[in-house]
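Contents: one structure, followed by commentary.
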Amino acid sequence: MKVHLTRRYHFAASHRLHLADCSDAENQRIYGKCNNPHGHGHNYAVEVTVSGPVDIATGMVCNLADLDGFSNKEIVERFDHTNLSMLPDFEGEVPTTERLCVKIYDIYKRSFKHAHLEKVRIEETAKNSFEYTGRA
Amino acid sequence: MIYLTRKGEFAASHYYHNPAFTPEENQRVFGKCANMNGHGHNYVLEVTVKGEIDERTGFVVDLKELKDIMNREVVDAMDHRHLNKEVPEFASAIPTTENIAIVAWKRLQPHMKVAKLHRVRVYENADLFADFYGEE
Ligand SMILES: [Zn+2]
């Protein structure tokens, strides 16, 4: 019987939304407060949803130890207390939460093999959230 | 089609143990959850039903009736219980969040008349939940 399992992880990071090839005025118009040259930060919550049949012997879609081990190493440790704008992941790109959501989805899609990936959802604040379910 | 979701809460204890495993295997697969003295959680049950809005009442489902079914079949049956020892389904299945969602679905499903059961979500805590949509 197929079940969806969702786990939430938390990390804090800063970013600045800025396009190098635009004027200051234009950056201000597009990104507003998020263009502050000193950057600003968020407590991100990442929700990853995986699915699969429930293993009769364990009662699990996938062992949480595997999901937590992977997520802590590949997501939390990679992004926690970093400045996203300075990471190679976002070289030449503006680190919006849309892009972060796609990056994190791709990391699971590429390397997490214990269950089927359904969705990555990120809360940037309690008011803004983003979801990615893969290329349509 | 409209969807309605109602929440319920129950606190229960459990442990994860498969009698077919050696003690070492139980420890390796289930980690802390293998402690045979058990441990507990504040579970949140979220039941989503779907259907058409009744012309006269404006309801998709009689909420009082849904609440009574949820309380009788799941919340009261599991609240302040030891899931392994007091909920018959878990005499043979591991009471993981995944399996609790499946058991809740199977208990609720036969009592749904007008509205159809769409999803049963069970939160073990704010950072972990399982969704069951029935057998597809
Ligand atoms: Zn537990």
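The values are calculated or read from the model by the stated rules, or taken from the named source; none is laboratory data. Note that the structure is a prediction, hence the values are computed from the model and not measured. Neighbour counts are summed over all protein chains in view; Cβ atoms, including those assigned to glycine, are modelled from backbone coordinates with ideal geometry.
For the range B:59-68, name all the residues that are buried (at least 18 other Cβ atoms within 10 Å of the Cβ) and not in a loop (DSSP other than H, G, I, E, B).
Residue satisfying the conditions is B:Leu66 alone.
Search the range B:36-56 for residues that are under 22 Å from B:Lys7 (Cα atoms) and modelled with pLDDT of 95 or more and pair each with any residue that is of a type in the set (S, T, N, Q) and surrounded by fewer than 16 Cβ atoms within 10 Å (Cβ to Cβ) when their beta-carbon atoms are under 6 Å apart and the residues are at least 6 apart or on different chains.
B:Glu46/B:Thr5; B:Thr48/B:Thr5
Could you tell me which residue of the range B:110-136 is nearest to the other protein chains (Cβ to nearest Cβ), considering only residues that are part of a loop (DSSP other than H, G, I, E, B), without any contact (Cβ under 8 Å) to a residue 24 or more places away in the chain and not basic (Lys, Arg)?
That would be B:Asp127.
Looking at the structure I just gave you, is A:Glu118 acidic (Asp, Glu), at pLDDT 95 or above, in contact with a Lys or Arg (Cβ under 9 Å, 6 or more places away or on another chain) and under 30 Å from B:Gly134 (Cα atoms)?
Answer is no for this residue.
All but one of (1) surrounded by 13 or more Cβ atoms within 10 Å (Cβ to Cβ); (2) within 14 Å of the ligand (Cβ to nearest atom) hold for B:His39; which doesn't?
Unmet for B:His39, out of (1) surrounded by 13 or more Cβ atoms within 10 Å (Cβ to Cβ); (2) within 14 Å of the ligand (Cβ to nearest atom): (1).
Between a first residue in the range A:109-122 that is in contact (Cβ under 8 Å) with a residue 40 or more places away in the chain and a second residue that is in a loop (DSSP other than H, G, I, E, B), which pairs have beta carbons less than 6 Å apart while being 6 or more apart in sequence or on different chains?
Listed pairs, sorted by first residue: A:His114/A:Cys62; A:Ala115/A:Val61; A:Ala115/A:Cys62; A:Lys119/A:Thr133.
Just to be sure I understand the filter: pairs with C-beta atoms under 7 Å, separated by 6 or more residues or on different chains, first member in the range B:81-106 and farther than 17 Å from B:Gly8 by Cβ and more than 7 Å from every other protein chain (Cβ to nearest Cβ), second member hydroxyl-bearing (Ser, Thr, Tyr) and not in a helix (DSSP H, G or I). Which pairs pass?
So the pair list comes out as B:His82/B:Ser13; B:Asn84/B:Tyr15.
Any residue in the range B:63-78 that is at negative phi, in contact (Cβ under 8 Å) with a residue 40 or more places away in the chain and within 15 Å of the ligand (Cβ to nearest atom)?
Checking the range B:63-78: at least one residue is at negative phi, in contact (Cβ under 8 Å) with a residue 40 or more places away in the chain and within 15 Å of the ligand (Cβ to nearest atom).
Would you confirm whether any residue within the range B:42-52 is assigned to a helix (DSSP H, G or I) and either among the acidic types (Asp, Glu) or within 16 Å of the ligand (Cβ to nearest atom) (or both)?
no
Between A:Lys127, A:Lys109, which is assigned to a loop (DSSP other than H, G, I, E, B) and out of contact with any helix residue (DSSP H, G or I) (no Cβ under 8 Å at 6 or more places or on another chain)?
Step by step, each of A:Lys127, A:Lys109 is checked, and only A:Lys127 is assigned to a loop (DSSP other than H, G, I, E, B) and out of contact with any helix residue (DSSP H, G or I) (no Cβ under 8 Å at 6 or more places or on another chain).
If we keep just the residues of the range B:6-28 that are among the small types (Gly, Ala, Ser) and away from the ligand (no atom under 16 Å from the Cβ), which is farthest from B:Glu65 (Cα to Cα)?
B:Ala20
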